[in-house]
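Just below is one structure, and these are the notes that go with it.
The values are calculated or read from the model by the stated rules, or taken from the named source; none is laboratory data. The structure presented is a predicted model; accordingly, all values stated were derived computationally and were not measured. Cβ coordinates were reconstructed from backbone atoms using ideal geometry, including for glycine residues, and neighbour counts include every protein chain displayed. Only protein heavy atoms, including side chains, enter the accessible area calculation; ligands, DNA and RNA are left aside. Shrake-Rupley method; radii C 1.70, N 1.55, O 1.52, S 1.80 Å.
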Amino acid sequence: MDRHAWKPFLQRWSEEWRVAHPGEEPDGDPWLGRPPATEDEVRALEARLGRVLPPSFREFLLVTNGWRNAGKFVWSLWSTEEIGWLADLEPRWADVYAGRDEEETEPAAARSLLISLEADAGVVYLDPGDVDERGEWAAYDVFSWTAMGPERHGSFYEKMYDFYAGFHALDRPRCETQRTWDAKVEDARLESLRGAVDRPLAVFAQAARFGGDRASFLHFQMRTLLRQDDDDPFRRLLRNGDTRSWTLDEGLFAAQVVPLLFAAHERDRRFGSGSTLQFLRERGPQRVRHLLGRHQALRSEPGFRLCFGNPEFDMAAHAALDAGEDASGGTGEDAWSRLRDALVHWRPLHEDQLAPIALLADPRAARLITPERGRELLATRRG
């Protein structure tokens, strides 16, 4: 990324930060950067280090010689006069993480360039021993309070973009970037219902990275049918009932998600691990605990059976599973073809529903729907 691309990106970031933090601009200046470094200053830094800087970081310094509020937990990046080797400036950090690289002759932490000035019990650094074909050094950040190791990004630009996305996820500025993502999510939702899989998945994942709660829920539904393990979004989406820009529909949650939470709870209980259901029972908003209690009461009633969606689809799906169970225990090709054919009757219960994920709360359907078959369902035009 050259300086001509850095400038508008950083300018937009500064303006959006001002939207999220009105009246908090340091010294009244909305620009989060500093005056640009000169070519001579950058060359002096390279001479001091004995290394040519990676391209995206070098061009960044020629736009702004430092940066404020790089991330929620990184308050400042160093200038050319301050940058130095991690082992020299923060030997404690280099020593702690050197032990994680025992197989390397020279541990990454010991050889890396420290670029963060102020951070919350953490550091940001570039590794000159991990270089790609463009000459970019891998970028890392690590925070002691996460109890996790360093997080790798392919370049300094990728790390800054990650900080930028994290700023959006935490501060949620109502700005053009958020409106653009909202529009992309809506387009991807419609594309998914027409049978597209990979592109909507990618859009939802990126929008969720920018704090898109709706995108997180749409992404969750697709990954559920693909049988992909995922950090479910509900502990975050339902905390205090506040999602700022979007609210999960209670009817859709009760009909499609709650049965999945109960099924997952039964599986988790066998392995002795905590479940989202248990978390929401103990710490969820009152309205969510009420929905969970209502479903628990329904489950205890004689003749209870899961509802998979709209009446036409529910009837067809149950008929498919019942017939398959009679014939082959619910796992044969006939049962699968019947269930797949039932999808023609499916209609979304809400505009935020992409697929009948409640199917997977039924053990018979869960056995039938492999990852490949889940993709087949998602690749079918629906609704």
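Once each part is reduced to its C-alpha centroid, what is the distance from region 1-72 to region 154-215 in angstrom?
If we compute the Cα centre of each part, the gap is 24 Å.
Going through region 1-98, which GluC sites (Glu not before Pro) have at most 12 other Cβ atoms within 10 Å and a DSSP loop state?
Passing both the DSSP loop test and the Cβ count: E24.
Leaving out ligands and nucleic acids, note down the accessible area per residue over the chain with a 1.4 angstrom probe, in whole Å².
For the chain, the solvent-accessible area averages 48 Å² per residue.
Rounded to the nearest angstrom and ordered from largest down, what semi-axes does the equivalent ellipsoid of region 249-307 get from its C-alpha gyration tensor (root of 5λ)?
For region 249-307, the ellipsoid semi-axes come out as 18, 16, 10 Å.
How long, wide and thick is region 273-383, going by the Cα atoms along their three principal axes, in whole angstroms, largest first?
Projected onto its principal axes, the Cα set of region 273-383 covers 42, 32, 29 Å.
To the nearest 0.05, how large is the calculated FRET efficiency for D29 and M148 if R₀ is 41 Å and r is the Cβ-Cβ distance?
0.75
Under the Kirkwood approximation applied to all pairs of distinct alpha-carbon atoms, what is the hydrodynamic radius of region 156-267 in Å?
It is 15.0 Å.
Normalised by the residues of the chain, what does the relative contact order come to in percent, with Cα pairs under 8 Å and at least six apart?
Worked out over the chain, it gives 12 percent.
What FRET efficiency do you get for A44 and Y161 if R0 is 25 Å and r is their Cβ-Cβ distance, rounded to the nearest 0.05?
Result of the calculation: an efficiency of 0.35.
As a check on your grasp of the helix formula, calculate [θ] at 222 nm for the chain: sum -39500 (n - 2.57) over DSSP H runs of n ≥ 4, divide by the residue count, round to the nearest 500.
-15000 deg cm²/dmol
Taking the Cβ of E312 as the centre, find all other residues whose Cβ is under 13 Å away and add up their charges (Lys, Arg: +1; Asp, Glu: -1).
My count for the surroundings of E312 gives -1.
So what's region 160-224 giving for Cα Rg divided by 2.2 N^0.38 Å, two decimals?
Normalised Cα radius of gyration, region 160-224: 1.08.
Over all alpha-carbon pairs of region 105-191, lay out the pair-distance distribution in 10 Å bins, whole %, shortest bin first.
Values per bin, smallest distances first: 15, 37, 26, 18, 4, 0.
Quick one: length gained pulling R340 to R267 fully straight, 0.36 nm per residue minus the C-alpha distance?
23.7 nm
Would you mind checking the tilt of helix 311-328 against the longest principal axis of the Cα atoms of the chain, expressed as 0 to 90 degrees and rounded to 10?
For helix 311-328, the angle is close to 80 degrees.
Quick check on the chain: what are the equivalent-ellipsoid semi-axes from the Cα gyration tensor, as sqrt(5λ), descending, whole Å?
The three semi-axes for the chain are 48, 22, 20 Å.
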